[in-house]
């Protein structure tokens with residue numbers, strides 16, 4: 001790039017103010033100019049020196065981005081990153097699987113930071129947003145917002161600033177100027193597992209006219225351990241009615257890996273009934289739900305008098321049920337789609353039925369029984385010795 005000019009500070013007679021100006025030629029040979037009104041000549045010289053330093057060290061992209069607001073940054077990030085995923089040979093090569101929810105979260109970030117320039121947003125500002133978000137009640141249940149939900153928003157905000165750094169609009173991500181804003185240790189781990197009786201009550205509550213359509217998806221979730229998104233995207237092409245199995249294709253799986261899940265006869269009977277009623281066309285959605293069914297889920301929970309459970313707890317319930325029935329952990333991980341044992345173990349929760357099973361296993365410990373016999377023999381021998389001494 002040609003050497004930039006020195007710049008100048010002059011009195012603007014028309015506006016009656018001091019004006020700092022910098023002219024330079026970019027890499028394409030185009031003449032560029034930056035001007036700004038300043039308080040006095042000294043302030044103008046300092047500004048010109050800063051412009052020259054930024055131009056020399058960071059380049060024209062950084063200089064041009066001086067006035068970019070968070071709203072402008074967020075819109076650019078959304079258009080590039082938060083788009084529907086693109087797959088090649090079953091693998092995601094662009095976009096984001098959860099792009100719609102990410103866009104929804106981004107709206108709240110724009111609402112809070114929108115008009116502020118990205119270079120003026122500090123670590124303290126982000127910390128203030130975190131505290132503000134924690135005090136905001138959830139819209140659906142009007143309950144306290146979870147730390148995990150706030151962390152997801154902060155992670156999106158951090159990714160947005162990282163994009164600005166990559167585009168050379170920022171030198172440093174404001175998240176890097178402090179610690180502790182996103183801490184997994186602060187999140188309250190889920191412990192909820194639906195008991196057999198609770199599962200029965202919820203499924204029974206879905207037998208009404210207005211909730212009949214969510215009965216099959218809840219039943220399949222409790223059997224297969226699939227995620228909500230995996231079930232909603234399931235098509236009849238992915239259901240093998242003869243082998244009683246469903247296939248979660250790679251592009252619908254969170255881990256981008258295909259897996260086949262064998263289902264119980266009661267679940268397959270329901271799927272066969274649905275296939276007969278709907279025709280079971282290959283490209284049709286199995287459950288026919290294109291949006292959310294949160295209201296139906298909460299209504300069923302209320303009628304069943306089951307509290308503190310989310311739909312995602314069906315996944316943990318299924319995994320715990322597999323282990324209770326003696327399924328090996330590696331096989332259970334393959335069935336659930338987990339690659340990391342640490343993540344898998346988050347779903348192994350200590351429900352009362354699991355505790356009872358463990359107590360039963362402790363009672364069946366052969367060594368404990370043999371030690372009890374030894375203790376009994378020792379006690380008998382001690383009594384015999386006492387008689388002899390007396």
Any residue at all in the range 239-260 that's in a loop (DSSP other than H, G, I, E, B), in the same structural domain as residue 223 (by TED's automatic domain parsing), out of contact with any strand residue (DSSP E or B) (no Cβ under 8 Å at 6 or more places or on another chain) and surrounded by 16 or more Cβ atoms within 10 Å (Cβ to Cβ)? yes
Which ones in the range 290-315 are buried (at least 16 other Cβ atoms within 10 Å of the Cβ) and assigned to a loop (DSSP other than H, G, I, E, B)? 293, 306, 309, 311
Taking the options 231, 156, 134, 181, name whichever one is closer than 30 Å to residue 287 by Cα and either within 20 Å of the chain's Cα centre (by Cα) or in contact (Cβ under 8 Å) with a residue 24 or more places away in the chain (or both). 231
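I'm checking my understanding of the structure. Among residues of the range 280-289 that are assigned to a loop (DSSP other than H, G, I, E, B) and touching a strand residue (DSSP E or B) at 6+ places or on another chain (Cβ under 7 Å), which one is nearest to residue 215 (Cα to Cα)?
Residue satisfying both the conditions and the ranking: 286.
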When both residues are 6+ apart or on different chains and their Cβ atoms are under 6 Å apart, which pairs have a first residue that lies in the range 329-343 and is more than 13 Å from residue 254 (Cα to Cα) and in the same structural domain as residue 263 (by TED's automatic domain parsing), and a second that is at pLDDT 90 or above and loosely packed, with under 15 Cβ neighbours inside 10 Å? none
In the range 150-169, what count of residues is obtained for those that are over 18 Å from residue 82 (Cα atoms) and at pLDDT below 90? 2
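Yes/no matrix, rows are residues, columns are (1) assigned by TED's automatic domain parsing to the domain that holds residue 151; (2) part of a loop (DSSP other than H, G, I, E, B):
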residue: 176; (1), (2): yes, no
residue: 179; (1), (2): yes, yes
residue: 182; (1), (2): yes, yes
residue: 191; (1), (2): no, yes
residue: 200; (1), (2): no, no
residue: 203; (1), (2): no, no
residue: 208; (1), (2): no, yes
residue: 213; (1), (2): no, no
residue: 216; (1), (2): no, no
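The values are calculated or read from the model by the stated rules, or taken from the named source; none is laboratory data. The model shown is predicted, which means the values in this text are computed figures rather than measured ones. FYI the Cβ positions are ideal-geometry reconstructions off the backbone, even for glycines, and counts take in every protein chain you see.
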